[in-house]
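To start, the structure under review is shown below, and the notes come after it.
The values are calculated or read from the model by the stated rules, or taken from the named source; none is laboratory data. Here the structure is a predicted model, which is why all the values come from computation and not from measurement. As a convention, Cβ positions derive from the backbone with ideal geometry for all residues, glycine included, and neighbour counts pool all protein chains shown. For accessibility, only protein heavy atoms count, side chains too; no ligands or nucleic acids. Shrake-Rupley method; radii C 1.70, N 1.55, O 1.52, S 1.80 Å.
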Amino acid sequence: MKTVFTIFSVVVFTIISAVNSCPPSDRAALLAFKAALHEPYLGIFNSWTGTDCCRNWYGVSCDQETYQVADINLRGESEDPIFERAHRTGHMTGFISPEICKLTRLSSITIADWKGITGEIPKCISGLPFLRILDLIGNKISGEIPADIGRLKRLTVLNVADNQLTGRIPASLTNLSNLMHLDLRNNKISGPIPSRAGDLSMLSRALLSGNLISGSIPVSLCRIYRLADLDLSVNKISGLIPPCLGKMAVLATLNLDCNLLMGSIPATLLTSAIGNLNLSRNALGGNIPDVFGPTSYFTVIDLSHNKFKGPVPRSLSAASFIGHLDLSYNHLCGRIPAGAPFDHLEASSFMYNDCLCGKPLRGC
């Protein structure tokens with residue numbers, strides 16, 4: 001009887017273990033994914049052994065109900081002890097295998113900061129129905145963002161910054177109604193910002209700097225109520241600055257520097273909730289609107305390297321706070337007003353204008 005009970009217990013344990021481990025198809029997909037990558041320094045894939053990829057496989061976690069792989073989290077820069085022991089950040093080469101798309105329960109894919117991963121973003125990633133996070137920052141991934149990226153209805157984070165991506169921002173991206181964080185910085189993306197960008201109603205950060213983006217700033221962006229951080233700097237964006245950007249409820253940072261923008265500064269930007277405003281290195285002109293007041297609170301306001309003329313606005317002294325101000329390299333003229341905030345600004349804030357005078361520059 002004891003022998004029968006022992007055999008029964010082993011059989012039950014074997015069945016339970018099989019049920020509570022990842023499916024063989026998920027394990028096979030992970031091993032195929034691993035085979036396309038080469039990581040020689042840290043040995044992060046050394047733990048990818050055994051039949052159960054839900055248990056102790058570095059960077060892999062599974063759904064607690066289905067035991068399917070739900071998350072791949074592999075970062076080349078981390079505070080994990082494996083990095084501390086190696087006294088270095090990670091470096092990985094190879095490419096992201098389309099086999100990853102066989103992990104149909106994936107909720108997040110983070111393959112970030114490995115510096116040497118090349119190839120393209122597998123187009124099949126757009127077919128993962130549960131994907132919420134796609135973070136591929138800091139590699140050498142090329143090609144284009146998948147054209148049908150908009151199929152990922154649950155996606156909240158799309159971060160492909162610091163790669164070598166080309167092509168346009170796909171029009172379908174505006175279908176990502178749950179997207180909160182969009183980071184496309186430092187790639188070679190060209191073409192315009194989709195005109196329907198305002199459909200991204202949940203977006204709080206849109207970081208598109210350091211690309212080759214052209215065309216004008218879509219007015220539809222002003223419809224995104226939650227947008228707090230908009231960075232379009234270091235591109236080839238032209239046209240006028242939409243005045244409605246200054247009427248956005250929570251927009252706190254607006255970086256439009258190093259573009260081809262023309263026209264005047266909308267007065268709304270200077271009386272808005274924006275606290276960090278950088279419009280430098282454009283072709284903006286006319287007078288700087290003299291509309292600053294108690295609602296004007298700027299940690300940084302940089303209008304340098306433009307074509308502004310006329311006097312320094314006297315109403316700046318009515319602003320509740322001006323931290324860093326840069327009006328250099330323009331065509332301003334006249335006496336710099338006295339008192340705050342001018343009494344704590346350095347000469348570099350006003351240099352290389354046509355005929356400004358007064359402290360901190362030479363006397364008039």
For the structure I just gave you, tell me whether Asn276 is open to solvent by 30 Å² or more (accessible area, probe 1.4 Å) and within 27 Å of the chain's Cα centre (by Cα). yes
Assuming Gly358 fulfils every condition listed in (1) on the phi < 0 side of the Ramachandran plot; (2) free of Cβ contacts under 8 Å to residues at least 24 places away in the same chain apart from one, which condition is it? (1)
Residue match in region 217-234 (condition: open to solvent by less than 30 Å² (accessible area, probe 1.4 Å) and touching a Phe, Trp or Tyr at 6+ places or on another chain (Cβ under 8 Å)): no
Can you name the residue in region 192-206 that is open to solvent by 10 Å² or more (accessible area, probe 1.4 Å) and part of a strand (DSSP E or B) and, of all such residues, is farthest from Gly143 (Cα to Cα)? Arg205
How many of the residues making up region 299-328 are buried (at least 18 other Cβ atoms within 10 Å of the Cβ) and not aliphatic (A, V, I, L, M)? 8
Any residue at all in region 177-191 that is open to solvent by 20 Å² or more (accessible area, probe 1.4 Å), part of a strand (DSSP E or B) and among the basic types (Lys, Arg)? no
Checked pairs for region 282-311, first among the β-branched types (Val, Ile, Thr), second surrounded by fewer than 15 Cβ atoms within 10 Å (Cβ to Cβ), C-beta under 6 Å and 6 or more apart or across chains, list as Thr299/Gly323; Val300/His324
Among the residues of region 329-342, how many are out of contact with any helix residue (DSSP H, G or I) (no Cβ under 8 Å at 6 or more places or on another chain) and either open to solvent by 80 Å² or more (accessible area, probe 1.4 Å) or more than 16 Å from Ile288 (Cβ to Cβ) (or both)? 4
Condition (residue is out of contact with any Cys (no Cβ under 7 Å at 6 or more places or on another chain) and more than 29 Å from Ile145 (Cβ to Cβ)) applied to region 94-115: is it met by at least one residue? no
Residues of region 343-364 being touching a Ser or Thr at 6+ places or on another chain (Cβ under 6 Å) and open to solvent by less than 80 Å² (accessible area, probe 1.4 Å), which ones? Met351
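Table: residues versus (1) under 34 Å from the mean Cα position of the chain (by Cα); (2) more than 24 Å from Met262 (Cα to Cα); (3) β-branched (Val, Ile, Thr); (4) part of a loop (DSSP other than H, G, I, E, B).
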| site | (1), (2), (3), (4) |
| --- | --- |
| His305 | yes, no, no, yes |
| Ser317 | no, yes, no, no |
| Gly323 | yes, yes, no, no |
| Gly339 | no, yes, no, yes |
| Asn353 | no, no, no, yes |
| Lys359 | no, yes, no, yes |
| Gly363 | no, yes, no, yes |
Quick count over region 62-78, residues being open to solvent by 60 Å² or more (accessible area, probe 1.4 Å) and assigned to a strand (DSSP E or B), is 2
Search region 79-95 for residues being in a loop (DSSP other than H, G, I, E, B) and charged (D, E, K, R), and hand back the single one that is most open to solvent (accessible area, probe 1.4 Å). Glu79
Where the second residue is in a strand (DSSP E or B) and open to solvent by 20 Å² or more (accessible area, probe 1.4 Å) and the first is more than 22 Å from Gly210 (Cβ to Cβ) and lies in region 256-278, which pairs have Cβ atoms under 6 Å and are six or more apart or on separate chains? Ser264/Gly286; Gly275/Tyr297; Gly275/Thr299
